[in-house]
1. I'd like the full set of residues that are among the acidic types (Asp, Glu) and either in contact (Cβ under 8 Å) with a residue 60 or more places away in the chain or closer than 15 Å to residue 36 by Cβ (or both), limited to segment 46-81.
2. How about segment 32-46: which of its residues are surrounded by fewer than 22 Cβ atoms within 10 Å (Cβ to Cβ) and either touching a Leu at 6+ places or on another chain (Cβ under 8 Å) or not small (Gly, Ala, Ser) (or both)?
3. Which numbered condition trips up residue 67, out of (1) hydrophobic (A, V, I, L, M, F, W, C); (2) at pLDDT below 90; (3) over 12 Å from residue 18 (Cα atoms)?
4. Residues of segment 3-31 being surrounded by fewer than 14 Cβ atoms within 10 Å (Cβ to Cβ), at pLDDT 90 or above and not in a loop (DSSP other than H, G, I, E, B), which ones?
Amino acid sequence: MAQNRFKRGSGCFNCRVCGRLTRDTGNDNGNVGLCPECLELSGQQNEHSDRRHQGNFDQCQECQSQLSGKAKKHLADHSDLFN
């Protein structure tokens, strides 16, 4: 789960997936260049693939049940990026 605070001294960068301006939260999102929500979504999308779930990630009820509220909203706003 993403932290609510930015890592002290970290600079801003644009998320490689959604383009949103963000900062490193200390949960490896800065290392991969993703905002916290895209990091969570990409991890869950990878799990969807690894477990060989059927259909699109954004329609998988099992995967959706494990997402945080912020990630669900982010997915709704950017569902075209996570199919």
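The values are calculated or read from the model by the stated rules, or taken from the named source; none is laboratory data. Everything numeric here is computed off the predicted structure, so don't read it as measured data. Ideal geometry is used to build each Cβ from the backbone, glycine not excepted, and the neighbour counts take in all protein chains shown.
1. Matches in segment 46-81: 77 only.
2. The first filter runs over segment 32-46 and keeps only residues surrounded by fewer than 22 Cβ atoms within 10 Å (Cβ to Cβ), leaving 32-33, 42-46.
Hits for segment 32-46 are 32, 42, 44, 45, 46.
3. Here residue 67 clears every test but (2).
4. Listed by number, the residues that qualify are 14, 21.
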